[in-house]
Amino acid sequence: TYDYKISVGATNAGTSSSDSQIAHSGTFPECYDVTAYVSENITNGYDIVFYSQGPIYFPANSSYLFAKISETFDSLTSIALDNINTSEVLDMSFMFFYCSKLEDLDLSGFDTSNVTNMMYMFYESGLTTIDVENFNTSNVTNMQGMFASSKFTSLDLSSFNTANVTDM
């Protein structure tokens, strides 16, 4: 079992305005310190960028991981998830719940093959489009309200396997 810390530092023009730490533990092949920076982007919004010397493993229970982040960073428009490993995640419920200002989210690298719960995953999201074509939903049992009250203008869910879903 390895422990890792996610240190979140809100920065504005190189100045730290607040710091917090979230500690998780789990069985991971490596242990890396992870830093998430919040920085202004060119459209006066904010981006969250994760930095690590190796892959960043999300915990099995990743429920509420980014939920209501718009309340803390009211102009957050993007979350960079390039170096994220989600292969051990079982619960993604409420993961992006109430990310109302979020405009850009690339989930193409998400491994959802072990996920069983996606309930309200994008509830009240600010996203208008998202590519979930690579989502493996064969083990998901709960998709209740997954896209409810969000701003999506179109969604292609043709690749979703809902054979095991009991709540939708």
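Brief remarks follow.
- Å² of accessible area per residue within the range 73-168, as computed with a 1.4 Å probe and no ligands counted: 46 Å²
- Across the range 75-116, the convex hull enclosing all Cα atoms gives 67 Å³ per residue.
- Residues listed by number, the range 90-124, amide nitrogen under 18 Å from Ala163 label point at 7 Å toward C-beta: 112-117
- Protection proxy ranking, peptides 89-96, 151-158, average beta carbon neighbours within 10 Å, highest first: 89-96, 151-158
- Computed extension gain for Ser113 through Asp131, at 0.36 nm per residue and net of the alpha carbon distance, reaches 4.9 nm.
The values are calculated or read from the model by the stated rules, or taken from the named source; none is laboratory data. Source: prediction; values computed, not measured. Please note: Cβ atoms are built from the backbone with ideal geometry, for glycine as well, and neighbour counts cover all protein chains shown. The accessibility values were calculated without ligands, DNA or RNA, using every heavy atom of the protein model including side chains. Shrake-Rupley method; radii C 1.70, N 1.55, O 1.52, S 1.80 Å.
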